[in-house]
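Reading through the structure tokens given below for one structure.
Read-outs throughout are calculated quantities, based only on the coordinates presented, and are distinct from any laboratory measurement. Just so it is clear, the structure is predicted and the values come from calculations on it, not from any experiment. Here the Cβ is made from the backbone with ideal geometry for all residues, glycine too, and neighbour counts use every protein chain on show.
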Amino acid sequence: MSLIKTEGYVLKNIEFRETSRIITLFSRDYGVVSIMIKGIGKNNTFSPEIFDTYSKSSFVLYTPHSGEMYKHKESSLIIPGISLSKNIVTFFRVSFIFEIVLKVLPKHVPSNDIYRIVDNVLFKLFNHANNDKNILYIYYFILNLLNILGYDINTKQCIKCKTPLKSNAFFSSKDGGFFCSNCFNDNDFINTENNVITTLDKIKIGNLKSINYNTFKSERKRIKNILISSLIYHLGVDIEKYIEYI
């Protein structure tokens, strides 16, 4: 077996027999993979924090034969995972991100774009765990994930007549964008104003510092409805247990 190096986040952590553990890793280079860790509680030559859920670590792994798991050789902790006790809201927001990752990424399918966005967002969440404004990073994650997967929300123009969006617009998750007041003819829509669309656009490109958070709070319900309806329609995800945290 050859050796590979990568880094990633621990998504799941399962005890296996007395001295072993199986982790599911979202890796930078290989996507979602399963790794067998042997010798835990026996030699303890590595910190158990390395394998804590949501921790980020670097790994040296033995590549598997067909149908087998990766096997652990060595690893080192980069960032500890966030615990439920640190901040329950941020913990569930992090959990939400990884549940979506597990839903959309089959095993052994690399996605550098998704990993890069997750890595960037988690860095912000871990460093602003006690600040409710970190919800903006969750919305940034959702918008960019949809874009990568081919479900980009068009915030620039009416998706039917292509005219620039002005005052009122009507969002349709199944059509992936906004209709102007002259074009919408569907009862299943979310009525929005131009400032909501402008805020969505700023979030999507990561221009978060320019957003007035007090104004955002008044828009948040409609923005949340737009993003959740898009996730459910396009990805079929069940996020009921996270609704109050996003």
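Points to keep in mind about this one:
- Residue by residue, segment 123-131 carries 3J(HN,Hα) couplings of 4, 5, 5, 5, 8, 10, 4, 9, 10 Hz when phi is fed to the Karplus relation 6.51 cos²θ - 1.76 cosθ + 1.60 (θ = phi - 60°); x denotes Gly or Pro.
- Exposed loop sites were defined as GluC sites (Glu not before Pro) in DSSP loop states (anything but H, G, I, E or B) carrying at most 16 other C-beta atoms within 10 Å; in the chain the longest segment without such a site runs 69-246.
- Within straight-line reach of LYS156, meaning a Cα separation under 14 Å, sit the following aspartates and glutamates at least 8 residues removed in sequence or on another chain: GLU193, ASP201.
- Interchain or long-range residues, amide H under 5 Å from GLU74's placed H: VAL60
- Put simply, when 127-134, 20-27 are sorted by average Cβ atoms within 10 angstrom per residue, most first, you get 20-27, 127-134.
- The chain: calculated mean residue ellipticity at 222 nm from DSSP helix runs of at least 4, using -39500 (n - 2.57): -11000 deg cm²/dmol
- Largest mean-square fluctuation among ARG220, ARG116, ARG93, in a Gaussian network model of the chain whose springs join Cα atoms under 10 Å apart, belongs to ARG116.
- Modelled label reach - ASN191, point 7 Å along Cα→Cβ, segment 137-175 residues with backbone N closer than 12 Å: 168-171
- The 3J(HN,Hα) values that the Karplus relation (6.51, -1.76, 1.60; θ = phi - 60°) gives for segment 164-181 are, in residue order, x, 6, 10, 6, 9, 8, 10, 8, 10, 5, 5, 9, x, x, 10, 9, 6, 5 Hz. Gly and Pro appear as x.
- Among the listed pairs LYS12/LYS38; LYS124/LYS217; LYS107/LYS209; LYS162/LYS202; LYS5/LYS107, those with a Cα-Cα distance over 24 Å are LYS107/LYS209.
- Cα long-axis angle, helix 88-104 against the chain (0 to 90 degrees, to the nearest 10): 90
- Relative to the longest principal axis of the Cα atoms of the chain, the long axis of helix 135-148 lies at roughly 90 degrees.
- As a calculated quantity, the FRET efficiency between LYS174 and SER58 at R0 = 30 Å, using C-beta atoms, amounts to about 0.10.
- Taking amide H positions as modeled 1.01 Å from N, with prolines and chain starts lacking one, the residues under 5 Å from GLU7 and 5 or more places away or on another chain are ARG28, ASP29, PHE59.
- The GNM of the chain, with springs linking C-alpha atoms under 10 angstrom apart, assigns the highest mean-square fluctuation among ILE197, ILE88, ILE114 to ILE88.
- The amide H of LYS12, built 1.01 Å from its N in the peptide plane, has THR24 as neighbours under 5 Å, considering only residues 5 or more places off or on other chains.
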